[in-house]
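Shown next, in structure tokens, is the structure this report addresses.
The values are calculated or read from the model by the stated rules, or taken from the named source; none is laboratory data. These numbers were taken from a predicted model, which means no experiment stands behind them. No Cβ is skipped: glycine too gets one built from the backbone with ideal geometry, and neighbour counts run over all protein chains shown.
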Amino acid sequence: MLQPRFVVALLVVGLGVLLGLSATTFLYAEGASYLSTEPSACANCHIMQPQYDSWQKASHHTVATCVECHLPDDLVGKYLAKAENGWNHSKAFTLQDFHEPIVINAKNANILHENCLRCHGPLVHAQGAGADGAAPRCVRCHASVGHGEAVGLGGPWRGIDAEVAER
């Protein structure tokens with residue numbers, strides 16, 4: 001039978017190792033920068049450098065940041081989306097399980113579309129909504145507005161979901 005002191009010591013050492021690894025990972029990944037709205041935080045991960053570079057040359061560079069296009073406008077929604085995306089991105093990049101070139105998922109495409117409409121809604125609706133009464137997906141025609149032409153790192157093509165391709 002294990003002595004209670006040994007069990008407590010083992011738990012304390014295990015917790016210390018877990019906290020140490022967590023702190024090291026957070027510092028190495030510049031985790032605090034992701035709490036900001038600074039566009040350069042998006043390029044902390046080298047895989048996003050082409051998107052960051054192309055945004056700096058794109059037409060919306062002077063009027064919109066990554067956060068203004070890619071996250072909800074409300075404070076709670078913004079940080080929930082940051083947390084979800086942070087988890088998904090870190091998991092995908094660690095496991096090397098992501099589309100190449102990087103492709104926006106359906107949930108984030110909806111956020112992007114809502115943000116396009118937040119700024120450009122009156123113009124879009126003046127042009128006429130789609131047959132279903134909804135505004136057409138902005139990026140269907142204006143795909144290069146935020147980042148210029150699509151860029152990638154030359155990794156293997158892993159296909160694209162039909163739902164994402166439709167946007």
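Of note:
- Pick from segment 103-138, criterion among the aliphatic types (A, V, I, L, M) and assigned to a helix (DSSP H, G or I), ranking: modelled with the lowest pLDDT: 126
- Test: residue in segment 88-102 that is free of Cβ contacts under 8 Å to residues at least 40 places away in the same chain, over 23 Å from residue 137 (Cα atoms), charged (D, E, K, R) and outside any loop (DSSP other than H, G, I, E, B): yes
- Residue within segment 14-25 that is within 16 Å of residue 146 (Cβ to Cβ) and over 17 Å from the mean Cα position of the chain (by Cα) present: no
- Annotation note: of 64, 81, the sole residue that is part of a loop (DSSP other than H, G, I, E, B) and surrounded by 13 or more Cβ atoms within 10 Å (Cβ to Cβ) is 64.
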